[in-house]
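Read through the structure below, which is laid out as structure tokens, and then see the notes.
The values are calculated or read from the model by the stated rules, or taken from the named source; none is laboratory data. Bear in mind the structure is a predicted one, so any value in this text is a computation, not a measurement. No Cβ is skipped: glycine too gets one built from the backbone with ideal geometry, and neighbour counts run over all protein chains shown. We work out accessible area using only protein heavy atoms, side chains counted, and drop any ligands, DNA or RNA first. Shrake-Rupley method; radii C 1.70, N 1.55, O 1.52, S 1.80 Å.
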Amino acid sequence: MDTFPRFTAAAIQAAPVYLDPAATVDKAVALIEEAARNGASLVVLPEVFVPGYPYWNWTMNPVQGSPWFERLYRSSIDVPGPHVDRLCAAARKHNAVVVIGVNERGPHSLGVLYNTLLTIGPDGQLLGVHRKLVPTWAEKLTWTGGDGSSLRVHRTPIGPLGALACGENTNTLARFTLLAQGELVHAASYIALPVAPEDYDMADAIAVRTAAHSFEGKVFSVVSCSTISPEIVDTVAGDDEEIRRVLARPRSALSGIFGPDGRPVTEPLVDDEGIVYAEIDLAKCIQPKQMHDIVGHYNRFDVFQLHVDNTPRTPVTFTADLARQPTAHPRIPLPADGTDTTKEDDA
């Protein structure tokens with residue numbers, strides 16, 4: 001790399017229009033437009049922003065929450081699909097790289113929902129569909145885990161970009177997989193988590209994780225978190241005053257931009273809706289790597305080796321009829337000879 005991009009990044013902290021995918025996509029498009037008007041070439045939106053997070057997994061038992069799973073399934077989106085098309089059109093219109101979290105319906109089963117991050121290029125092309133590898137704790141009641149085929153870094157005009165969802169940013173091996181592909185810009189999407197144990201400060205937890213990845217990898221991190229709106233409180237809590245109290249807990253969300261020294265580039269935003277902007281100069285990643293380059297000279301690959309199985313996982317494989325063989329993703333078809341194109345990425 002002879003030239004190093006300099007650009008403005010935008011970390012969006014906002015609440016979805018809860019369980020309404022069309023209205024939430026409208027809001028996302030408006031936020032992308034606002035960020036682009038302010039010069040942003042990279043816009044990162046929260047985890048499962050479309051159409052929101054299943055808070056009932058934490059406030060109800062599984063039997064009580066089951067009808068809510070159906071409600072979320074019905075309001076989740078297909079990838080590809082018309083909602084994704086609108087997001088891609090917004091990225092193209094505003095010449096911005098966009099990362100956004102969605103609830104994705106599995107193409108093969110009514111019981112499958114994925115916590116998915118979409119990475120969209122400034123030309124409106126869908127570059128990446130990353131399904132969260134392991135749902136965290138109570139999230140296992142809702143989401144199916146993804147596979148290693150989407151742990152990829154994408155070459156974009158703003159630099160080599162990778163993305164992980166929420167708790168994945170504590171997964172050292174997942175983070176190393178992205179760094180080892182040359183990641184210099186990391187997008188981390190989160191949800192506001194007021195339902196964690198009372199001694200857990202979500203804002204601090206996000207800051208610690210983000211600082212760790214930035215400092216260890218000598219990269220810039222753009223972290224976007226959702227917020228809890230009154231609409232979400234009314235929908236999930238109803239007349240239960242204890243749940244309403246829990247959902248109103250402060251320091252449940254933090255969004256911001258961190259540099260390769262692990263420090264915030266500008267003051268992060270806590271709890272309130274808004275957009276954090278910062279200038280990113282990828283040349284600032286060079287000198288810190290002279291000290292600690294954990295994917296280069298500051299490692300011992302004769303001692304440590306990481307093997308990543310990036311095979312797409314499907315529920316069934318038809319060996320005799322390639323035309324019927326399911327693909328890893330509808331946008332990534334298998335060619336006539338049956339070779340797996342998902343293993344050839346731009347990273």
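The figures follow:
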read-out	value
Residues of the stretch 204-218 satisfying the condition of being out of contact with any helix residue (DSSP H, G or I) (no Cβ under 6 Å at 6 or more places or on another chain) and open to solvent by less than 10 Å² (accessible area, probe 1.4 Å)	Ile206, Thr210, Ser214
Residue in the stretch 42-64 that is in a loop (DSSP other than H, G, I, E, B), without any contact (Cβ under 8 Å) to a residue 24 or more places away in the chain and surrounded by fewer than 22 Cβ atoms within 10 Å (Cβ to Cβ) present	yes
Residue match in the stretch 120-137 (condition: buried (at least 21 other Cβ atoms within 10 Å of the Cβ), touching a residue at least 40 places away in the same chain (Cβ under 8 Å), assigned to a helix (DSSP H, G or I) and in contact with a Ser or Thr (Cβ under 8 Å, 6 or more places away or on another chain))	no
Verdict on Gly39 being at pLDDT 95 or above, surrounded by 15 or more Cβ atoms within 10 Å (Cβ to Cβ) and not β-branched (Val, Ile, Thr)	no
Unique residue being more than 21 Å from His130 (Cβ to Cβ), open to solvent by 50 Å² or more (accessible area, probe 1.4 Å) and without any contact (Cβ under 8 Å) to a residue 60 or more places away in the chain when the list is Asp26, Asp78, Asp85	Asp26
Single match in Phe7, Phe69 (criterion: surrounded by 15 or more Cβ atoms within 10 Å (Cβ to Cβ), closer than 17 Å to Thr235 by Cα and among the aromatic types (Phe, Trp, Tyr))	Phe69
